[in-house]
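What follows is a set of notes on a single structure, which appears directly below.
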Amino acid sequence: MDTTVLVGGRIITCDERGSIAEAIAIRDGRVLAVGDSDTVRAQAGTGARVADLGGGIVIPGLIDTHPHLMHFGALAEPLVDLTDVSCHEDIVARIAARAAVTPPGEWIMTTPVGEPHYFIRRSYRDLVEGVLPHRDVLDRAAPRHPVFIQAWAPVVPNVCAMNSLALDLLDIGHATPDRVGDVWIEKDAAGRPTGRLHGSVTNYYCDDPFMNGLLRRLPLLQPEAIIPGTRRAMRAFNALGVTAVYEAHLMTFSLIEFYRSLRDQDQLTLRVLCAPEAEPFGVV
């Protein structure tokens, strides 16, 4: 059994009395004892590992009541991560690396640039170039793969980008109007689409018919990414101190079964409460 004792700080219990203890013992991921240091050490036994908090504070695990943990985990799992890139060459290098291990013709999808999902501190505007790369730059990265740099909400106006093969597959060319609905198709001086689309181009918080039609032709959600994506997301949530989540909406019974499967395999690293969507509009 793996037992750890935390001492040298304050343990805020959040019990009915608002107790603050000196020490806590944890065995195999569960609280064994809370109280004064001598009592907790005694209950933990001589083989326990003791860690000094150095005056720090321990609180109970946090509960996230609107996480979309599974949704965003599955969405992000297959993507090339561009969140921390600083320039177009960084983008080219990462996409090229994915292209080297991806069969020709398959889509290469990426995250947006910056800090998802609300981009408060950093977005594509903070690239050295100040804009997303155009089609010719992305063609250098993956000439034999369609490439799509996603836009996540709610930067307004938002921008997504794609290479030449992606434009061809989505039927975007010279004849495409400069604006369709609330989507602007950026073009160069010769009328050739640059690969950048502006406006209502996000893959959620967006109900533009033209953009929705394009998104339905892209592999946004991949079923095989649900389990590994959820595992990765749980690790990220645990690192933030989250130990329980409430998936309040956009949950179908099939998605809930994935959580059940992880639970049955003893692979859930947090408690999960799910509410199935009564009217599953927009649920894949």
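The values are calculated or read from the model by the stated rules, or taken from the named source; none is laboratory data. All of these numbers come straight from a predicted model, not from anything done at the bench. Please note: Cβ atoms are built from the backbone with ideal geometry, for glycine as well, and neighbour counts cover all protein chains shown. Heads up: the accessible areas ignore ligands, DNA and RNA and are worked out on the full protein's heavy atoms, side chains in. Shrake-Rupley method; radii C 1.70, N 1.55, O 1.52, S 1.80 Å.
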Task: Residue in the range 71-80 that is without any contact (Cβ under 8 Å) to a residue 60 or more places away in the chain and surrounded by 12 or more Cβ atoms within 10 Å (Cβ to Cβ) present - done: yes
TODO: Within the range 244-255, identify whether any single residue is in a helix (DSSP H, G or I) and either open to solvent by less than 60 Å² (accessible area, probe 1.4 Å) or touching a Gly at 6+ places or on another chain (Cβ under 8 Å) (or both), and answer yes or no.
DONE: yes
Open item on the list: Take the residues in the range 110-128 that are among the hydrophobic types (A, V, I, L, M, F, W, C) and surrounded by fewer than 22 Cβ atoms within 10 Å (Cβ to Cβ); name whichever of them is nearest to V201 (Cα to Cα).
Closed with: F119
Task: In the range 181-220, residue surrounded by the most Cβ atoms within 10 Å (Cβ to Cβ) [restricted to those that are assigned to a strand (DSSP E or B) and on the phi > 0 side of the Ramachandran plot] - done: G195
Task: Selection from the range 1-44 of residues that are among the polar types (S, T, N, Q), out of contact with any Asp or Glu (no Cβ under 9 Å at 6 or more places or on another chain) and touching a residue at least 24 places away in the same chain (Cβ under 8 Å) - done: T4, T13
Task: Some residue of the range 129-146 being surrounded by 23 or more Cβ atoms within 10 Å (Cβ to Cβ), small (G, A, S) and not in a loop (DSSP other than H, G, I, E, B) - done: yes
